[in-house]
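To keep things clear, I will list the structure first and then write my remarks on it.
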Amino acid sequence: MRRTVAGLAAVLVLLSACTGGDRPSASGDPASSAPATAAPQEPAPVVVEATYLSVPVELEVAPVQVQGDVALLSVEYRLGAGAPAGAVFSAGQVLKTATGAVGPTGVRLVDLETGQVHPPGTDAERQPAVTREALPVTAEAPATSHGLYRAPAAESVAVLFPYLGLVRDVPVVHLGAGEELPVTAQDLGRAGDITYAAAPVDQFTVAFDDSSSTRVSHEDVTVALASDVLFGVDLADLSPDAQAVVDRAATEIAAEAAEGRVEVVGHTDDVASPEHNQDLSVRRAQAVVDRLAPVLGTAFEVVAEGRGESEPAVAGTSPEARAANRRVEIRFTAATPGASVEVGAAAAVPEPTGPVASGDAAVEVAGVTGFAVRALAVEPVGPFLVGTLEVERTGAGTAQPTGLFGDFVQGLATGRGLSALAMGGGAHNATLLGDASRVYPLDYVRPAADGASGDVRAVVADEWVVAPMAPGETLTTTVLWPDPGGDTVTVDVPERFRLADVPVTRR
């Protein structure tokens with residue numbers, strides 16, 4: 001499976017754009033036949049409809065205004081037609097991050113041309129430069145929010161709203177020299193220097209047999225081979241099965257890597273002394289090099305290095321954390337930046353570990369009782385897929401769907417570096433089943449992680465699906481994945497549910 005991330009085209013999932021067109025001139029208007037130079041039209045806002053807890057909500061997303069490196073996003077929220085009497089949509093409460101202040105702090109720009117995510121700008125205290133209000137919306141009164149972001153490079157940008165979906169094709173307008181943004185960081189209660197950051201999206205897959213995981217970060221690729229699969233306890237000799245795992249990795253690397261340096265780096269857990277672990281990591285890396293280098297040939301310089309216990313993939317001393325930290329990483333430069341790389345044996349799709357439904361049918365969720373999930377839409381964005389899943393409360397009483405898309409232990413075991421909150425309440429484990437591996441939601445390194453020990457990552461999906469739901473209420477979850485190809489996909493959340501044969505709308 002090899003597809004290049006290039007020329008990304010935005011797609012709208014669940015939400016349907018409702019922008020107005022040009023009004024034709026009356027047939028008797030002389031201007032309709034006289035030659036004239038039409039004045040350039042101002043880009044129109046994008047108006048979309050969504051649903052939150054069965055309440056229709058209308059969003060009017062204004063063109064993003066850019067001055068220098070800073071972009072202003074302004075959104076008006078209204079109740080949609082058919083909203084129940086007395087309904088209130090609190091935009092500032094619904095659209096916040098799990099630990100953030102009230103306000104639409106969870107709204108992100110997604111530059112689909114460059115494959116980058118833009119979170120809100122932050123001040124020295126890591127406080128986001130967005131409207132910090134609850135923003136209640138009623139039938140009589142709309143509400144408006146503002147947020148400042150790093151300017152996107154493209155002529156249009158997508159906006160990812162928690163629970164409300166991905167809004168595509170929002171125009172980007174560059175102000176002229178001397179023009180100022182109508183809303184400043186000071187207007188939003190932020191003072192001092194504001195940091196505006198953007199992060200490239202990464203792809204992450206795990207082989208069906210758990211022998212390896214692969215992370216693609218534009219042109220940099222890291223294949224992590226699980227030491228528990230390659231080696232016996234405290235040993236550095238490859239078994240015949242382990243040799244086959246390395247051979248499969250070598251075949252894929254030979255096909256996908258640019259000629260040059262390939263680094264093989266051994267890592268251990270923190271059991272035993274640092275000196276012992278350092279020596280063990282070097283020996284394990286060299287064992288992989290000895291098997292890998294002959295397959296790759298003279299076009300590649302393959303080098304071994306050991307890091308011992310000094311660079312854990314995840315923090316902690318639990319069995320799951322230590323297993324994730326025992327690994328041998330193979331790092332190389334992709335011949336085609338952004339191309340998907342899948343390392344794993346051709347194998348049958350794993351048996352489901354939860355209830356199964358097909359197509360657009362709903363499935364009851366195991367482990368988190370009283371909820372059902374179905375796929376509303378799966379559509380391509382270039383080599384990406386955007387999926388919209390509907391969650392319905394089917395049980396009695398009000399409850400939160402916490403852990404609906406996987407739990408903390410499952411998230412920790414992958415060694416992706418996600419936050420504990422995202423692994424407890426987000427859509428981090430909503431995977432697609434590829435040819436030989438699980439395809440996880442796209443992710444990126446949070447800008448707030450700069451200078452921290454290890455990466456703290458966020459998924460390009462709903463990160464906090466925990467809204468209290470009453471019987472019959474629904475909400476939606478948006479997930480972006482790499483595109484494994486095909487006319488259908490299987491959405492699988494281990495130990496929760498599987499949606500098989502979900503059609504992919506390819507226009």
Within the stretch 172-197, the count of residues that are farther than 16 Å from Ala124 by Cβ and under 29 Å from the mean Cα position of the chain (by Cα) comes to 5
Picked from the stretch 287-319 (must be assigned to a helix (DSSP H, G or I), in contact (Cβ under 8 Å) with a residue 40 or more places away in the chain and touching a strand residue (DSSP E or B) at 6+ places or on another chain (Cβ under 9 Å)), the residue nearest to Ile253 (Cα to Cα) is Leu296
Restricted to the stretch 137-167, and to residues that are outside any loop (DSSP other than H, G, I, E, B), within 24 Å of Pro84 (Cα to Cα) and under 21 Å from the mean Cα position of the chain (by Cα), which residue is modelled with the lowest pLDDT? Gly165
Residues Ser318, Ser310: which one is touching a Leu at 6+ places or on another chain (Cβ under 8 Å) and surrounded by fewer than 18 Cβ atoms within 10 Å (Cβ to Cβ)? Ser318
Hey, among Val117, Val137, which residue is buried (at least 23 other Cβ atoms within 10 Å of the Cβ) and over 21 Å from Glu60 (Cβ atoms)? Val117
Residues of the stretch 197-246 classified as over 19 Å from Ala461 (Cα atoms), crowded, with 21+ Cβ neighbours inside 10 Å and either of a type in the set (S, T, N, Q) or not assigned by TED's automatic domain parsing to the domain that holds Arg291 (or both), total: 5
Within the stretch 255-268, residues surrounded by fewer than 20 Cβ atoms within 10 Å (Cβ to Cβ) and over 28 Å from the mean Cα position of the chain (by Cα) come out as Glu259, Gly260, Arg261
Return a yes/no flag: does the stretch 415-435 have any residue that is touching a Ser or Thr at 6+ places or on another chain (Cβ under 6 Å) and either more than 26 Å from Gly115 (Cβ to Cβ) or not aliphatic (A, V, I, L, M) (or both). yes
Flag for Val295 being in contact with a helix residue (DSSP H, G or I) (Cβ under 9 Å, 6 or more places away or on another chain), over 28 Å from Pro319 (Cα atoms), at pLDDT 95 or above and not polar (S, T, N, Q): no
Filtering the stretch 434-459 down to residues that are buried (at least 21 other Cβ atoms within 10 Å of the Cβ) and hydroxyl-bearing (Ser, Thr, Tyr), which residue is modelled with the lowest pLDDT? Ser437
Within the stretch 320-344, the residues that are modelled with pLDDT under 85 and in contact with a Pro (Cβ under 6 Å, 6 or more places away or on another chain) are Ser340
Restricting attention to the stretch 100-136, the residues that are in a strand (DSSP E or B) and either farther than 25 Å from Leu442 by Cα or of a type in the set (A, V, I, L, M, F, W, C) (or both) number exactly 5
Yes/no for Val137 being in contact with a helix residue (DSSP H, G or I) (Cβ under 9 Å, 6 or more places away or on another chain) and free of Cβ contacts under 8 Å to residues at least 40 places away in the same chain: no
Val233 being out of contact with any helix residue (DSSP H, G or I) (no Cβ under 6 Å at 6 or more places or on another chain), within 30 Å of Thr114 (Cα to Cα) and modelled with pLDDT under 95: no
The stretch 270-289, subset small (Gly, Ala, Ser) and more than 14 Å from Ser227 (Cα to Cα), residue surrounded by the most Cβ atoms within 10 Å (Cβ to Cβ): Ala272
Considering Thr414, Thr478, Thr431, Thr488, which residue is closer than 19 Å to Ala224 by Cα, modelled with pLDDT of 95 or more and among the hydroxyl-bearing types (Ser, Thr, Tyr)? Thr431
When you scan the stretch 323-333, do you find a residue that is in a loop (DSSP other than H, G, I, E, B), in contact (Cβ under 8 Å) with a residue 12 or more places away in the chain, assigned by TED's automatic domain parsing to the domain that holds Ser213 and out of contact with any Ser or Thr (no Cβ under 9 Å at 6 or more places or on another chain), even just one? no
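The values are calculated or read from the model by the stated rules, or taken from the named source; none is laboratory data. Please read all numbers here as calculations on a predicted model, not as lab measurements. Note that we place each Cβ from the backbone using ideal geometry, even for glycine, and neighbour counts take in every protein chain shown.
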